[in-house]
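Inspection log for the structure reproduced underneath, given as structure tokens.
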Amino acid sequence: MSDAHVHPRPRNPLTRYVFSTDHKVIAVQFLFSGLIFFAVGGLLAMIIRWQLAWPWRPVPILSKWLWSAPALGGQMPPEFYNKLFTMHATIMIFFVIIPILTGAFGNFLIPLMIGARDMAFPKLNMFSYWIMWPGFAFLLASFFVEGGPSEAGWTGYPPLSTDPHAAPGSLNGQTYWLLALLCAGISSLTGSINYITTVVMLRAPGMKMFRMPMTVWSLFITALLQAFALPVLTSALVMQLLDRTAGTNFFSPVGASVGNGPAVTGGGAPLLFQHLFWFYSHPAVYVMILPGMGIASDVISTFSRKPLFGYKPMVVALAAIAGLGFIVWGHHMFQSGMNPALGATFMVSTMMIALPSAIKVFNWIGTMWGGRIQYTSAMLNAMAFVSMFIIGGLSGIFMAATPVDIHIHDTYFIVGHIHYVLFGGSTFAIFAGVYYWFPKIFGRTMNEGLGKVHFLFTFIFMTGTFLFMHIVGWHGHMRRIPDPTVYEFLRAPGVVWMNQFMTICAFALGLAQVPFVLNFFYSLVAGPKAEANPWKANSLEWTTASPPPHYNFEDLPRVFHAPYEYSVPGGEEDYLPQTSPLPPNITLDPVMA
Amino acid sequence: MTEADASLPIVPATPAQAAAAADVESHAPYLKILFALFLLTVGEYLFARFLKDSPGPLIFGLVLLASAKAALVAWYFMHLKYERFWVFLVIGPALLMAFILTLLLFPDFVMLPDPLGEPVPATSGEAPRPAG
Amino acid sequence: MTSADAPPHPAHRPSADAAPAPATPGKVAIWLFLATEIMFFTGLLGSYIVFRAGSPPTSYSNLYAPAAQLDRLKDARGVVLGAVGPDADGVAGAIASATGKGEAEVARILAAAPHGVVNGLDEKGAGELTAALGKLGAKAEAASLRTSNWPRPYDPLTNPLSIDLTTVNTFILICSSATMVLAVSAIQQGRKGRCSLFLLATLVLGGTFLGVQVFEYHELLEGRSYPIGISPTGHFTPEVSLFASCFFTVTGFHGLHVAAGVVTLAIVFLGSLLGRFSAQDFGAVEYAGLYWHFVDVVWILLFTIVYLI
Amino acid sequence: MRYWSLIFALAAAFSVGAFAYAPFSPDWWLPNTVAEPGHVVSKAGREIDALFIIILWLTGGVFVATQAALVWAQFRYADRLDAEGKPARPARYFHGSQRLEVIWTIIPAGILVFLALYQMSTWADVKFRSAAPRTPVLAELTGRQFQWMVKYPGPDGKVGTADDLFTVNDLHLVKDETALIHLKSSDVIHSFFLPQMRIKQDAVPGMTIPVWFDCDRAGRYELACAELCGWGHYKMRGDVVVHETRAEFEAWQAAKLAEQGRSQVGEPEGETSEGDRQ
């Protein structure tokens, strides 16, 4: 085999498990660090919810060692609340969802699903994981610097974020926050260059682009999104960093001064940061949902025992979401002082992006239609992904409509929307992916019973937690306020009741993750050994052993068709691996499959 | 191939390769391009020197000259001339998005609305903008 | 390996029976990397362009304090000090008495000659001071200190950048691009010695470019004293104006890229000396070259946009 | 197995139920005055609410239809085994339908384009500068950490002169007259949010943005800051008082001006100090 990427499996445990260049090990590293940060981010969310339900009531235990202000009687200082949601969002977006979806699933699945022995650049791959660590370090260190961590929101709008006099968190914490994000950005960039190159160059014989599983397609398109959008965020973060440290004037207007601070020369524009930030961060939303769509497509097709409905239209829809995703960023800025004519333009493009999303939902339902649905934990989570993504997608239309957005902008409606997409969407997809590929990753099977218990409570309490955010949102509940009762219209008993209900559900949602954690770690050490293809699925990763050997495949597989040939008439089994040719009597529809 | 014969020129396998190799071998195009770049640089210098007070033609001409220079470097030195279509598939979207991003910044930072004040008559002309 | 029909570099050849591959992984990756670099520089240069194109008078002026009412100062006058002449103390005294400026500020104005600017005068005061200075043997003329939107090229009162020097420097970088492509061409023909030579030339030219830029930075940051239209402190530092911020950020990041390129080239040069590359295996030289040319292209655009326009 | 679909049905039903109940409870619906929960006070607000309700019906219909299809597919096509432990029914083998793809592309596309175009005129009325009322400016409103500083033109009708009237967190206007204010910020980004009038506009340092709105009921309303602006963001609250008649407004203004003259305070009084926080 002339494959340049075959190298002997390292014997030294340090290079084998820690500084490994094996894509599977790196994937597991991403998965574990992502899940650990998931717990941290989740705990921050619990404290946020506590404060919203019972404003200023001291949090048991935590209030003593998280903020030591005996003068306030254990009350949470309002700036601490700002830090909480800033760090919650930052951690969840940049250190949980993106690393798990692209880092863990991308690394593990891309080479296995296209039949490659490893990534195109294994060392670069290792670098893309380890560059996350300075990011982790900066993020955690920011909790201990003077002024505490950043409190300018995950959007970090200047001048709040650039002027050290504007907020305690902008003293030093914001610099650490920027450095952490830059590290995460470099990780994503190197990762995405690696993924694209791997997908383009290292496909197994016969693996045409239109024979790749949807997961690979989605990760490929995600990588393209990141490669083209992320550098713009990098430039914005760099400019903000220079504004903070070198005294440049990009984001402060003429003679700006905050609080008691001195006036700066200025001349820049705060809006510019928002433009550059959202030029990346809107595509970032798709970075967080597209891989989920890919995972859901594969899981749903496998457990419906039926070909994916409209494989090629699904790919086109993915590409359309990504392409349109670059020209819709302005819908985050309708009320920002942006030129209203520009707002009208962005409204049209934003409305249009709902279209490919709708097509995908219809296709998923079409895939299940007429199938033989097997209710595994993975399938349940994937179906929840579809169900919740419908809500997340539809609520997006409210914000796309500029006049309606005037009222609901910066309210809990937005918070509800983003959580339906990121929890109802991405997180359910992550769970689906973990249940589905756990046997392949670790060679052991997870417990289905615990998995279903986990799903049941997660699904119920997720709805309970996030549904009412829409309602309090359109009632006018602003986001990012620690105490809604300052306002008369938010002091209404109905609003208070909803806030408390959401908080209780959020705690239950947190507790509902306990079965998952138990299941995960128990199965890791004591789960029953998994067979090579426990789900009787078609794609290439199931043709090799569980867990895959160091080179992934004994011999590089030869691919004959797309991975969705389930229940082919006349077949002995109800699945047909990609390495087996189609029966001669079957011809595929060139437009659909 | 061993190190010893590596220094020998490769025998082109096909006429197309032979033509391409000949293209690469001769240094004349590179030196010609360098000379063209030199002329363009001098041109830019002179252009900027003598048209410094008329911003319209200055910007138009300089952008044209600079684009020509950049295109020459990319086309010949970066071998875009010899590259396959896929390279344009990578660079094209990046340039397109760079263009879209810059273009969509214009309404907010360049086409500034008229200053606010008391209801101004429609023909405000060269009214000075208020400060601060 | 530039021909469309040429086989991919053997060292990176994907499995023989793989689906037809468009190029080598290294080449795909380097072009993708360049695409990300395009977007990064778009963020910086695009911001510069829109600031440059759209800044209202209020957003840029160092002739006056940030909060000054610029519309009221539209036709303020000042005196441009061309040469101090024999009697420096007398000149300083005249300026101090005409404007009430402190000793340090007057000293800065004197240091900035031939572009020392005395501001804060009305038309009459400017005329009187010009006459007084002329009597003391200094070269001075009354001038309109109209606020400038943005520093104009070749205007020593608002623009500290030396276009002459940078034009030469630009050509140095372009030459380095040419030597780079000659190095790639040499190794493609297997002429290793020639390749090393051209790599060394590229390295030297790149280093020269960096050196000139460091010199320019030094002049701007502390070497020289500039008139008040450029900086109220006399030195051109990132915080004095939006133009300075943009200039240092854009050229600084370009400079970092050049520096990274020089390091890469040094490594490639060492590899070339050690005979690592051959007519069949020259990926590293080619990739380093692509990066180097990209840096050159960015500079060509940057030089035009930042220095000349 | 197939009864898992009930969980999905229940979640969907719960969501629909909550949204359907919302209009019947003033606390759950779009914010209006407590005394008159069904009445929206501003013209823009009525238009926005109408658009909101159109979208709510539309998305509600799509939601119910897609969830029903999903739940039905889950229920109907669940895998079932016969007595021998073999699948009772094979899965159907097909790759999709071109006709369906075209249909469910074109119909939503039409609806979305319609929605986008239908919104335009309201958007233009509320935000385009060309639609701003040709009336003298009511006040200049400047956000700063953490209060709204209001500057009325005073007797000479010009803002920025010696006779300006200053108030803090207190915006007064007249019923049924379109109020035009100039929105500014002196430090960080704030957002001017009138929940009952459905108006929101960020106040950006370095920019002056015109905002206009009206109100057809006299009374007191709330003004909120909707953009994170620091530790005191949550309590950056102001009052909006709508006077019944112009005379009443002018009387208030005259009284305030007199008070301001007596206390010799040209600048807004009473900065919130750090100790004031809850």
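The values are calculated or read from the model by the stated rules, or taken from the named source; none is laboratory data. What you see is a predicted model, and the numbers here were worked out from it, not measured in a lab. Note that each Cβ is placed from the backbone with ideal geometry, even for glycine, and that neighbours are counted across all protein chains shown. Surface areas here come from the heavy atoms of the whole protein model, side chains and all, with no ligands, DNA or RNA. Shrake-Rupley method; radii C 1.70, N 1.55, O 1.52, S 1.80 Å.
Right, C:Ala201: in a helix (DSSP H, G or I), in contact with a Cys (Cβ under 9 Å, 6 or more places away or on another chain) and within 12 Å of chain B (Cβ to nearest Cβ) or not? No. Across the range D:65-90, the qualifying residues are those that are touching a residue at least 24 places away in the same chain (Cβ under 8 Å) and part of a loop (DSSP other than H, G, I, E, B), and the one among them that is farthest from the chain's Cα centre (by Cα) is D:Arg80.
Residues that are facing chain C (nearest Cβ under 7 Å) and over 20 Å from A:Asn194 (Cα atoms) within the range A:226-244 comprise A:Ser235, A:Ala236, A:Met239, A:Leu242, listed in sequence order. Of the residues making up the range D:218-235, those that are over 16 Å from A:Pro159 (Cα atoms) and surrounded by fewer than 24 Cβ atoms within 10 Å (Cβ to Cβ) are D:Ala218, D:Gly219, D:Arg220, D:Tyr221, D:Glu222, D:Leu223, D:Lys235.
When you check A:Ala104 against the structure, is it farther than 23 Å from A:Leu276 by Cβ, in contact with a helix residue (DSSP H, G or I) (Cβ under 6 Å, 6 or more places away or on another chain) and either buried (at least 23 other Cβ atoms within 10 Å of the Cβ) or free of Cβ contacts under 8 Å to residues at least 60 places away in the same chain (or both), yes or no? Judged against the criteria, A:Ala104 is a match.
Could you go through the range A:285-301 and let me know if any residue there is more than 21 Å from the chain's Cα centre (by Cα), among the polar types (S, T, N, Q) and within 30 Å of A:Thr587 (Cβ to Cβ).
Going residue by residue through the range A:285-301, those that are more than 21 Å from the chain's Cα centre (by Cα) are A:301.
After this cut, where a residue has to be among the polar types (S, T, N, Q) as well, the list is A:301.
Retained after the next criterion (residues that are within 30 Å of A:Thr587 (Cβ to Cβ)): A:301.
Yes - at least one qualifying residue is present in the range A:285-301.
Please enumerate the residues belonging to the range A:339-388 that are touching a strand residue (DSSP E or B) at 6+ places or on another chain (Cβ under 9 Å) and surrounded by fewer than 24 Cβ atoms within 10 Å (Cβ to Cβ). Answer for the range A:339-388, where residues must be touching a strand residue (DSSP E or B) at 6+ places or on another chain (Cβ under 9 Å) and surrounded by fewer than 24 Cβ atoms within 10 Å (Cβ to Cβ): A:Arg372, A:Gln374, A:Tyr375.
Restricting A:Ile91, A:Ile110, A:Ile26 to residues that are in contact with a Phe, Trp or Tyr (Cβ under 9 Å, 6 or more places away or on another chain), aliphatic (A, V, I, L, M) and within 23 Å of A:Phe461 (Cα to Cα) narrows the list to A:Ile91.
When residues in the range D:109-153 are screened for being closer than 30 Å to A:Pro78 by Cα and in a strand (DSSP E or B), 10 of them pass. Among the residues of the range A:171-187, those identified as open to solvent by less than 20 Å² (accessible area, probe 1.4 Å) and touching a residue at least 60 places away in the same chain (Cβ under 8 Å) are A:Gly173, A:Gln174, A:Trp177, A:Leu178, A:Ala180, A:Leu181, A:Ala184, A:Ser187. Residues of the range B:72-95 that are facing chain C (nearest Cβ under 8 Å) and touching a residue at least 12 places away in the same chain (Cβ under 8 Å): B:Val73, B:Tyr76, B:Phe77, B:Tyr82. In the range A:564-593, of all residues being more than 9 Å from chain D (Cβ to nearest Cβ) and buried (at least 16 other Cβ atoms within 10 Å of the Cβ), the one that is modelled with the lowest pLDDT corresponds to A:Gly571. Filtering D:Ala131, D:Ala162, D:Ala179, D:Ala109 for residues that are more than 23 Å from D:Glu244 (Cα to Cα) and surrounded by 16 or more Cβ atoms within 10 Å (Cβ to Cβ) leaves a single hit, D:Ala109. The number of residues in the range A:487-509 that are closer than 15 Å to D:Tyr234 by Cβ and surrounded by fewer than 18 Cβ atoms within 10 Å (Cβ to Cβ) comes to 2. The test for being in a helix (DSSP H, G or I) and open to solvent by 40 Å² or more (accessible area, probe 1.4 Å) holds for C:Ile267. Picking from residues in the range A:188-199 that are open to solvent by 10 Å² or more (accessible area, probe 1.4 Å) and closer than 11 Å to A:Met119 by Cα, the one that is nearest to the other protein chains (Cβ to nearest Cβ) is A:Ile193.
Listed by first and then second residue, the pairs linking a residue in the range D:24-43 that is more than 11 Å from chain A (Cβ to nearest Cβ) and surrounded by 14 or more Cβ atoms within 10 Å (Cβ to Cβ) to a residue that is among the charged types (D, E, K, R) and not in a loop (DSSP other than H, G, I, E, B), with Cβ atoms under 9 Å apart and 6 or more places separating them unless they lie on different chains, are D:Lys43/D:Asp125. Considering C:Gly289, C:Gly255, C:Gly207, C:Gly229, the condition of being assigned to a helix (DSSP H, G or I), buried (at least 22 other Cβ atoms within 10 Å of the Cβ) and not hydrophobic (A, V, I, L, M, F, W, C) is satisfied by C:Gly289 alone. Going residue by residue through the range A:538-550, is there one that turns out to be touching a Leu at 6+ places or on another chain (Cβ under 8 Å), away from every other protein chain (no Cβ under 14 Å) and farther than 30 Å from A:Thr587 by Cβ? Within the range A:538-550, one or more residues are touching a Leu at 6+ places or on another chain (Cβ under 8 Å), away from every other protein chain (no Cβ under 14 Å) and farther than 30 Å from A:Thr587 by Cβ. Could you go through the range D:90-103 and let me know if any residue there is more than 10 Å from every other protein chain (Cβ to nearest Cβ) and out of contact with any His (no Cβ under 7 Å at 6 or more places or on another chain). Scanning the range D:90-103, I find at least one residue that is more than 10 Å from every other protein chain (Cβ to nearest Cβ) and out of contact with any His (no Cβ under 7 Å at 6 or more places or on another chain), so the answer is yes.
Tell me whether the range B:11-20 contains one or more residues that are among the small types (Gly, Ala, Ser) and modelled with pLDDT of 85 or more. No: zero hits.
Kindly check whether there is at least one residue in the range C:22-37 that is within 11 Å of chain A (Cβ to nearest Cβ), at pLDDT 80 or above, in a loop (DSSP other than H, G, I, E, B) and buried (at least 18 other Cβ atoms within 10 Å of the Cβ). Yes, because at least one residue in the range C:22-37 is within 11 Å of chain A (Cβ to nearest Cβ), at pLDDT 80 or above, in a loop (DSSP other than H, G, I, E, B) and buried (at least 18 other Cβ atoms within 10 Å of the Cβ).
With respect to the conditions (1) within 12 Å of chain A (Cβ to nearest Cβ); (2) touching a residue at least 40 places away in the same chain (Cβ under 8 Å), C:Ser245 lacks only one, and its number is (2). Within the range A:245-268, the only residue that satisfies the criterion of being in contact with a helix residue (DSSP H, G or I) (Cβ under 6 Å, 6 or more places away or on another chain) and more than 14 Å from chain D (Cβ to nearest Cβ) is A:Thr248.
Scanning the range A:459-486 for residues that are surrounded by 21 or more Cβ atoms within 10 Å (Cβ to Cβ), among the polar types (S, T, N, Q) and either in a loop (DSSP other than H, G, I, E, B) or more than 7 Å from every other protein chain (Cβ to nearest Cβ) (or both) yields a count of 1. Only one entry of A:Leu219, A:Leu276, A:Leu290 meets the criterion of being crowded, with 24+ Cβ neighbours inside 10 Å and under 17 Å from A:Thr190 (Cα atoms), and that entry is A:Leu219.
Candidates A:Leu450, A:Leu422, A:Leu394: the one that is under 22 Å from the mean Cα position of the chain (by Cα) and either over 28 Å from D:Phe19 (Cβ atoms) or at the interface with chain D (Cβ under 9 Å from one of its Cβ atoms) (or both) is A:Leu394.
Restricting attention to the range B:26-46, the residues that are in a helix (DSSP H, G or I), free of Cβ contacts under 8 Å to residues at least 24 places away in the same chain and surrounded by fewer than 18 Cβ atoms within 10 Å (Cβ to Cβ) total 9.
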